[in-house]
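The structure under discussion appears below in the form of structure tokens.
The values are calculated or read from the model by the stated rules, or taken from the named source; none is laboratory data. Just so it is clear, the model here is predicted, and its values are computed rather than measured. So basically every Cβ, Gly included, is an ideal-geometry build from the backbone, and we count neighbours across all protein chains shown.
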Amino acid sequence: MYHKRCLMAAAVLLTIVFMTAGCWDRDEVEELGIVLGIAIKSLPGERVQMIAQFANPRLVGGAQVGRETPGASISSK
Amino acid sequence: MKSRDTDQMDNLLRYIDAYRGDTAVQRSGGSDPLPDIPQVAFSPVLDENVGLIQTLMGDNFDFILRRVRIRAAGGRRAAVFFLEEIVDTVEVSETILEPLAHFASFEPGEPGQDVMGGIVESILEAAAVAEQHDLRGLLEAVSTGQVGLLVDGVDRALSVDVRKYVRRQVDIPQTESSVRGPQDGFTEDEYLNLALIRQRIRSPHLVAESLNLGRVTSTVVGVVYIRGLAAPSLVHEVKSRLRRLDVDAVLESGYIEELTKDDPLSPFPLLLSTERPDRVAAGVLEGRVAIMVSNTPFVLVVPTEFTSMVSSPEDYYVGFPYGTIIRMVRYLALGTSLFLPAVYIAITTFHQEMLPTELILSIASAREGVPFPSIVELLIMEFLFEALREAGIRLPRPFGQAVSIVGALIIGQAAVQASLVSPLLIIVVAVTGIASFISPIFSMGLAMRFLRFPITLLGATLGLFGVAVGVLAILIHLAGLRSFGVPFMSPVVPANLTDWKDTFVRWGMWTMEKRPSQLFKSGRRRMARGLKPEPPQERFRQGGER
């Protein structure tokens, strides 16, 4: 009986662990959008423009630094 | 004269039939197909006995039977027989055949003395002679390389121990080499191995008992300890665990290790197996028991602790600061070999915020173009590495170089260029591989190799949380282990702080005054007080003395 309850508890705990910390929130590094810089600009008429600079892993790092623009900028209004 | 009774005779005939394959083997108890050699007394007629021996052993092509006449006994007939290649044939002729043929008389001719007694006392020159009263004992003795001697008119036999087994010279230990320290390693010959211990511990207190294990192989297993230092209960426990082993064969000490482990399912080795005589000597001097198995250079030392698996005899030879540093490096490497791949995967796939931006960018750019998730990548590389390692061991020597070139190319370059794996991961696998070679005890290295995979999987599914769970699980497991009753983690847990001088660190020789507390309750002092060396008060200069 005690044994059975231990097993049950272990099963429940394992389920909780996998639900809360399991591999569903796994992200490979190269799939991340790494924001290197953000700029916010005020536009006329209660509007702001935000510009974010993302790293482009293909171009950053290693020997390629500085050869091309190491990032892409996306802006939205 | 005693004659054989009919019961014995029946048994014998049945056995001979079975031996020749004429009838199905008479199964004595259960389903054991090994026939029992019947305990048959000898006949006083030489030819009868010889005929029997011929029937039972004559088919072996290394069997030699030589009939002689004993000159000292008035030309009485006798027979000498043995298995050629496991006895010293020179010694057979010098200590048995020649004396039998040439000695003119029994020296102090006691009137009523039996011929057998006379032969033993004044003719045979070999050291170890035993009298055999029945057929089984004689056959067993001859199979172990003794020489059998039957004399006409006597219903007993003699077995003379002149065995000479094939032995290898003492060589450098293959798996535990050292720079400073003795360079001799154990061999396959248990007598030679015992000699290596006896030369180190030249004390009458050193006891070497032997048991024969293996129903078929009858392997010699030596139990070596120092009487007075080893706890009698421990010696008793070791011997009773060994006696319990009713198996066909004991071909290596691994058989014994696996069959006497306190926790058979644990990946950790609970018996220290070593090729180094100095290591065994040190263990025996601490009150441990060594188990030597014939035909293997690996000697077991029990009980043992986790900390002694991570230490090497060299730690004690090179001075304590270096010993301490080397030990710390070893523990660090141990941790690396267990946890580095898991931590790498966990951080790069779950906890990227822990990494500096530059590092994460370089990892990302290194992984660019690799189609697999990191864990698959890692498993591919680990598999390649383990396969190469195994191939390196098994391959015939001449191919070794070819494999290492191919391996270096595949692992080093081609895999990266083909975008199968990222260069960073190769560094991780390589560092892990190097770290896993650092274990001074081979079986401990194996445990680490094995445990790395579950930990890596935990890291890949649950992140650092999973790694922490893995660490905890291993610690809990370790804390519960025992080696022949002694806690495996002692003296760390249960803690004995004074013994920590010789665990993660190796403190000065003069501070390690006491024998390990987990093995000694009292009588722990092993050296005099105040051995720390000091410079003398005066200067010694030739010619300056007053």
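Some values worked out for this structure:
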{"item": "Any chance B:Ser210 is of a type in the set (S, T, N, Q), over 16 Å from B:Met292 (Cα atoms) and out of contact with any Cys (no Cβ under 7 Å at 6 or more places or on another chain)", "result": "no"}
{"item": "Number of the condition not met by B:Thr274 [criteria: (1) under 27 Å from B:Lys164 (Cα atoms); (2) not aromatic (Phe, Trp, Tyr); (3) not assigned by TED's automatic domain parsing to the domain that holds B:Asn212]", "result": "(3)"}
{"item": "The stretch B:336-368 - residue that is more than 8 Å from every other protein chain (Cβ to nearest Cβ) and among the small types (Gly, Ala, Ser) and, of those, nearest to the chain's Cα centre (by Cα)", "result": "B:Ser337"}
{"item": "Near pairs, Cβ below 8 angstrom, 6+ apart or cross-chain, from the stretch B:136-157 (in the same structural domain as B:Ala72 (by TED's automatic domain parsing)) to any residue that is basic (Lys, Arg) and not in a strand (DSSP E or B)", "result": "B:Gly145/B:Lys164; B:Asp155/B:Lys2"}
{"item": "Inter-residue pairs, beta-carbon under 6 Å, first more than 19 Å from B:Val428 (Cα to Cα) and in the stretch B:384-402, second hydrophobic (A, V, I, L, M, F, W, C) and in a helix (DSSP H, G or I), 6+ apart", "result": "B:Ala391/B:Val403; B:Leu395/B:Val403"}
{"item": "Inter-residue pairs, beta-carbon under 7 Å, first closer than 23 Å to B:Pro373 by Cα and within 12 Å of chain B (Cβ to nearest Cβ) and in the stretch A:5-28, second among the charged types (D, E, K, R) and part of a helix (DSSP H, G or I), 6+ apart", "result": "A:Glu28/B:Arg367"}
{"item": "Elements of type helices (runs of 4 or more DSSP H) in the stretch B:358-477, at least 3 residues being of a type outside the set (A, V, I, L, M) and surrounded by fewer than 15 Cβ atoms within 10 Å (Cβ to Cβ)", "result": "B:374-394, B:400-409"}
{"item": "Scan of the stretch A:1-28 for residues that are assigned to a loop (DSSP other than H, G, I, E, B) and closer than 24 Å to B:Leu378 by Cβ, ordered by number", "result": "A:Gly22, A:Arg26, A:Asp27, A:Glu28"}
{"item": "Of all residues making up the stretch A:29-59, the number that are in a helix (DSSP H, G or I) and either among the acidic types (Asp, Glu) or more than 8 Å from chain B (Cβ to nearest Cβ) (or both)", "result": "2"}
{"item": "Test: residue in the stretch B:62-69 that is assigned to a loop (DSSP other than H, G, I, E, B), acidic (Asp, Glu) and free of Cβ contacts under 8 Å to residues at least 40 places away in the same chain", "result": "yes"}
{"item": "Residue check, B:Glu534 part of a loop (DSSP other than H, G, I, E, B) and at pLDDT 90 or above", "result": "yes"}
{"item": "Test for B:His205: is it modelled with pLDDT of 95 or more, surrounded by fewer than 16 Cβ atoms within 10 Å (Cβ to Cβ) and touching a strand residue (DSSP E or B) at 6+ places or on another chain (Cβ under 7 Å)", "result": "yes"}
{"item": "Any hit, the stretch B:502-512, residues being outside any loop (DSSP other than H, G, I, E, B) and either in the same structural domain as B:Ile474 (by TED's automatic domain parsing) or in contact with a strand residue (DSSP E or B) (Cβ under 7 Å, 6 or more places away or on another chain) (or both)", "result": "no"}
{"item": "Residues located in the stretch B:173-228, provided they are more than 16 Å from the chain's Cα centre (by Cα) and among the hydrophobic types (A, V, I, L, M, F, W, C)", "result": "B:Val179, B:Ile201, B:Leu206, B:Val207, B:Val216, B:Ile226"}
{"item": "Inter-residue pairs, beta-carbon under 7 Å, first closer than 27 Å to B:Glu252 by Cα and in the stretch B:434-460, second assigned to a loop (DSSP other than H, G, I, E, B) and among the acidic types (Asp, Glu), 6+ apart", "result": "B:Pro440/B:Glu176"}
